[in-house]
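The values are calculated or read from the model by the stated rules, or taken from the named source; none is laboratory data. Only a predicted model underlies this, so the values are computations on that prediction, with no experimental measurement involved. As a convention, Cβ positions derive from the backbone with ideal geometry for all residues, glycine included, and neighbour counts pool all protein chains shown.
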Amino acid sequence: MTRIFLLLTIICLLPGCTALHKSHPTAVYDFGIQTPPSSQPSAQPAQLRKHSLLVADTTAPVWLDSKAIHYRLLYHNPAQSYTYANNRWIATPAALFTQQLRNRIAAGTQEQVIKDNSIATADHVLHTELEEFSQVFDTATDSRIVVGLRASLIERNTRKLLAQKNFNITAKAPSADAEGAVSALGAASNQLLNELVNWLAATLPHD
């Protein structure tokens, strides 16, 4: 009997034994509540309302096109990207940003935002490319987030590139973990949306 008990104990110490190795529930996040700047209650200028705008889906590189929350250890190996276990986005960062961007522009354009190319003809097309969206650790306890996005405004009929701009945000994370990354990345996405919509308002041709 003693030998059988010892054998069962050894087996349960192995990784496959569910009796002692309980899986942790996965925490799922989005960008939180996104709000325009309080200092600009009618945030978007009137000239935006004179245009119909096709907001294309935000794209991302292959490594970023997933629900994983990415981080890098600059003090260890800057070229290697890691992902948090048991923590993920509710959708890909590109998909989350696309929805927030369309909502933000629509709020200032009286819904002159076109989501599908087959529905209606737009005057202009906005393309956005998410290039970086991760947390980086300078030390084991000191981290920050890095967000990079490129926006391109194209005239629909002529396919002419009217303007293009790179947006980059770096901010300290409140904690050196997944929760800190999510909090800082959510705030950065809100800031980025404000900068992008203001740039769009100033860039669209004035009729």
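Inspect segment 166-180 for any residue being under 16 Å from residue 51 (Cα atoms) and touching a residue at least 12 places away in the same chain (Cβ under 8 Å) and give the result as yes or no. No, the conditions are met nowhere in segment 166-180.
Is there a residue in segment 165-172 that is modelled with pLDDT of 95 or more, buried (at least 18 other Cβ atoms within 10 Å of the Cβ) and not in a strand (DSSP E or B)? No: zero hits.
Taken over segment 136-164, residues that are over 15 Å from residue 201 (Cα atoms), in a strand (DSSP E or B), in contact (Cβ under 8 Å) with a residue 24 or more places away in the chain and not polar (S, T, N, Q) amount to 7.
Looking at 196, 204, which is the one that is over 23 Å from residue 89 (Cα atoms) and surrounded by 14 or more Cβ atoms within 10 Å (Cβ to Cβ)? None of the others qualify; the one that does is 204.
Take the residues in segment 145-159 that are surrounded by fewer than 20 Cβ atoms within 10 Å (Cβ to Cβ) and either of a type in the set (Val, Ile, Thr) or at pLDDT 95 or above (or both), then tell me which one is nearest to residue 175 (Cα to Cα). My answer is 146. Where strands (runs of 3 or more DSSP E) fall entirely within segment 40-127, those with at least 1 residues that are modelled with pLDDT of 90 or more, loosely packed, with under 13 Cβ neighbours inside 10 Å and of a type outside the set (Val, Ile, Thr) are at 81-89.
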